[in-house]
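**Q** First, the structure itself, so that you have it in front of you.
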Amino acid sequence: MILVTGANGFLGSTLVKHLLARGVKHVACLVRPGASKAKLEALARAHEGAVVEVRNTGLASAADIKPALEGVTLVYHLAAAMAGSPADMYMGTVVASKNLLEAIAQRKAEGHAPPRVVVVSSFGVYGVAELPRGAMVDEDTPLEAHIEQRDVYSQTKLRQERIFREYEPKLGLSLVIVRPGVIYGPGGNAMS
């Protein structure tokens with residue numbers, strides 16, 4: 001089964017929609033308690049025979065997350081704090097990611113195989129300031145060496161990546177990190 005964190009967000013709900021359209025029959029969606037389920041329920045209704053299971057828990061603690069990992073073989077980790085105070089953004093991205101990894105570690109200690117993990121990071125983690133004008137930015141571009149000079153979102157996403165890379169060998173994770181640039185489309189924020 002696939003688990004999507006941040007499933008209620010613009011990217012998360014779009015991912016759930018595309019998974020269902022491609023024939024995935026059961027998607028578990030990690031949704032903070034109290035958050036509206038209407039968007040996800042509408043997706044389930046639009047794909048007859050599909051199950052969109054809302055797992056009402058945030059990423060505030062490994063103990064909260066652990067039961068939501070039951071039966072999961074692939075995690076798309078999209079949850080992140082996009083705005084707020086630096087402390088809130090750190091908690092919502094870095095600490096939340098560490099809690100997810102700790103929940104995976106606890107399940108592994110109980111004999112469960114760790115799920116494959118796809119982390120959605122950000123183009124903002126690349127060290128583009130030191131590149132020559134017109135240089136190509138790709139997967140081989142170095143990560144930002146002076147992250148303290150970047151915005152808080154880029155700082156938290158780079159720290160998130162480092163935590164996943166730290167846990168990767170410890171847990172034997174099959175890990176993919178995706179670094180999109182601007183994400184836009186129907187239902188998203190207006191571009192200015």
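**Q** How large is the helix-only mean residue ellipticity at 222 nm for the chain, computed as the sum of -39500 (n - 2.57) over DSSP H runs with n ≥ 4, divided by its residue count, in deg cm²/dmol to the nearest 500?
**A** -10000 deg cm²/dmol
**Q** How much accessible surface area, in Å² rounded to 10, belongs to the heavy atoms of E102 with a 1.4 Å probe?
**A** Here the residue's solvent-accessible area equals roughly 60 Å².
**Q** With a probe of 1.4 Å, find how much accessible area the stretch 37-192 has per residue, and write the answer as a whole number in Å².
**A** On a per-residue basis, the stretch 37-192 sits at 56 Å².
**Q** A follow-up question, please. Calculate what fraction, in whole %, of the accessible area of the chain sits on carbon and sulfur atoms when a 1.4 Å probe is rolled over the protein chains. Walk me through the numbers on the way to the answer.
**A** On the way: 5710 of 10400 Å².
Of all accessible area on the chain, carbon and sulfur atoms account for 55 percent.
**Q** Using every pair of alpha-carbon atoms in the stretch 1-79, split the distances into 10 Å bins beginning at 0 and state the percent of pairs per bin, rounded to integers.
**A** Spelled out per bin, shortest first, that is 20, 58, 20, 1.
**Q** Taking every pair of alpha-carbon atoms in the chain, what share in percent sits in each 10 Å bin, from 0 to the bin with the longest distance?
**A** P(r) for the chain, in whole percents per bin: 9, 34, 36, 17, 4, 0.
**Q** What distance in nm separates the two pseudo spin-label positions at A38 and M82, each 7 Å out from Cα along the beta-carbon direction?
**A** For the pair A38/M82, the computed spacing is 1.8 nm.
**Q** How big is the gap, in Å, between the Cα center of the stretch 85-100 and the Cα center of the stretch 140-186?
**A** Answer, in whole Å: 13.
**Q** If you don't mind, there's one more thing I want to ask. Loop only by DSSP, 15 or fewer other Cβ within 10 Å of the Cβ. Give me the trypsin sites (Lys or Arg not before Pro) in the stretch 91-134 that pass, ordered by residue number.
**A** Within the stretch 91-134, the qualifying trypsin sites (Lys or Arg not before Pro) (loop, at most 15 other Cβ atoms within 10 Å) are R133.
**Q** Between the DSSP loop rule and a limit of at most 13 other Cβ atoms within 10 Å, which chymotrypsin sites (Phe, Trp or Tyr not before Pro) in the stretch 104-189 are left?
**A** Y184
**Q** While we're on this one: Relative to the Cα centre, what is the charge dipole magnitude of the chain, using +1 at the beta carbon of each Lys and Arg, -1 at the beta carbon of each Asp and Glu, and rounding to the nearest 20 debye?
**A** Working: 21 positive and 18 negative charges, 94 e Å.
Using Cβ point charges on Lys, Arg, Asp and Glu, the chain gives about 440 debye.
The values are calculated or read from the model by the stated rules, or taken from the named source; none is laboratory data. All figures in this text were calculated on a predicted structure; none of them were measured in a lab. Here Cβ is always computed from backbone atoms with ideal geometry, including for glycine, and neighbour counts include all displayed protein chains. These accessible areas exclude ligands, DNA and RNA; they are computed on the full protein's heavy atoms, side chains included. Shrake-Rupley method; radii C 1.70, N 1.55, O 1.52, S 1.80 Å.
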